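Heads up: the structure comes next, in structure tokens.
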Amino acid sequence: MAPTPAAIRCSGVASGLLLLLFFLLIQPSISIYCDEDDCYDLLGVSQSANSSEIKKAYYKLSLKYHPDKNPDPDSRKFFVKIANAYEVLKDEATREQYDYAIAHPEEDARAVLVGLLLVLSAFQYLNQWTRYNQAIDMVKKTPAYKNRLHALELERSGGMTNKKKGQKPMDKKMTEDLSKELDLQITGAEKPSMWELLGVRFILLPYTIGKLLLWHACWLWRYQVKRAPHSWEDASYLTRRSLGASLDKWRSIDESMQEDLIQRRLWEKPNLESYLAEMRIESKRRR
Ligand SMILES: *[C@@H]1O[C@H](CO)[C@@H](O)[C@H](O)[C@H]1NC(C)=O
């Protein structure tokens, strides 16, 4: 189904929210306090200095670098910096936040990673929708689609094709409804899926890995330890893999052929080799 304007608006709002979240997460970064400088270094005090020491250091520096005394731009810049550093350190709460940010630089890295994943996922999602819409538009331009739409229209209107002028808007709405119905049947265009997004995949990574490990363990237990016969599903998987065929290709083969192939146990090397040799002879004979 093509996204309705509401869906498009929704994805717009969603990516907006994601970006907002990104900037909120980036917020605790140290650079919001004294840019690339250390606030304590700017005032020339240690991190354990008490509030009166900080105050004293600030007043001393501000007297020295005040723009009234030092009109050159460099000291003006430095004056702004120390004033800013003092703003951060004079307030107990902001000083605590700053100390925390210095002590936990890894949280910055984590925030950047999360933000990056969010932004990438948002772009990926929008991109998926764009590609999906393009694919749908292409299909809609084909004569086959137009014919089907027309046939459906005729069917619904009970074969009445004479259009009166007053009915036009109604017809248009009906066409839209019908094309929505047809959209459901368009195949080949993958509808954007939340599960494919980078961010979601990243979050699900431990789960995915766990599932894979469990699968391998079950496989080993069943077929290497207990030496059970392969289930149909597992045998088709092995056959498909030894032939290097995609799932779609495998599914397009009819069932008796699949059965034949599975019987040959192609996942065992000698079997595969003799099968391939047979195929080569076969194709030579046909030529
Ligand atoms: C701050 O530290 C200085 C020097 O260590 C000391 O003389 C002063 O009493 C302290 N002030 C407060 C409020 O703790």
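The values are calculated or read from the model by the stated rules, or taken from the named source; none is laboratory data. Given the structure is predicted, the values throughout are model-derived calculations rather than measurements. Every residue, glycine among them, receives a Cβ derived from its backbone with ideal geometry; neighbour counts consider all protein chains shown.
Just a few scattered comments:
- Of all residues making up the range 39-48, the number that are within 11 Å of the ligand (Cβ to nearest atom) and either in contact (Cβ under 8 Å) with a residue 12 or more places away in the chain or aliphatic (A, V, I, L, M) (or both): 1
- Leu204 vs. criteria part of a helix (DSSP H, G or I), under 34 Å from the mean Cα position of the chain (by Cα), modelled with pLDDT of 90 or more and not assigned by TED's automatic domain parsing to the domain that holds Phe123: no
- Residue in the range 120-141 that is within 16 Å of the ligand (Cβ to nearest atom) and among the β-branched types (Val, Ile, Thr) present: no
- Count of the range 49-85 residues which are in a helix (DSSP H, G or I), within 16 Å of the ligand (Cβ to nearest atom) and not small (Gly, Ala, Ser): 7
- Among the candidates Arg131, Arg148, Arg227, residue that is among the basic types (Lys, Arg), surrounded by 12 or more Cβ atoms within 10 Å (Cβ to Cβ) and either at pLDDT below 85 or not in a helix (DSSP H, G or I) (or both): Arg148
The rows are residues; the columns are (1) assigned by TED's automatic domain parsing to the domain that holds Ile102; (2) among the aliphatic types (A, V, I, L, M); (3) at pLDDT 95 or above; (4) more than 20 Å from Ala103 (Cβ to Cβ).
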site: Ile54; (1), (2), (3), (4): yes, yes, yes, no
site: Ala57; (1), (2), (3), (4): yes, yes, yes, yes
site: Pro67; (1), (2), (3), (4): yes, no, no, yes
site: Asp72; (1), (2), (3), (4): yes, no, no, yes
site: Lys77; (1), (2), (3), (4): yes, no, no, yes
site: Val80; (1), (2), (3), (4): yes, yes, no, yes
site: Val88; (1), (2), (3), (4): yes, yes, no, no
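- Residues satisfying the stated conditions in the range 243-255, i.e. closer than 18 Å to Glu278 by Cβ and outside any loop (DSSP other than H, G, I, E, B): Leu243
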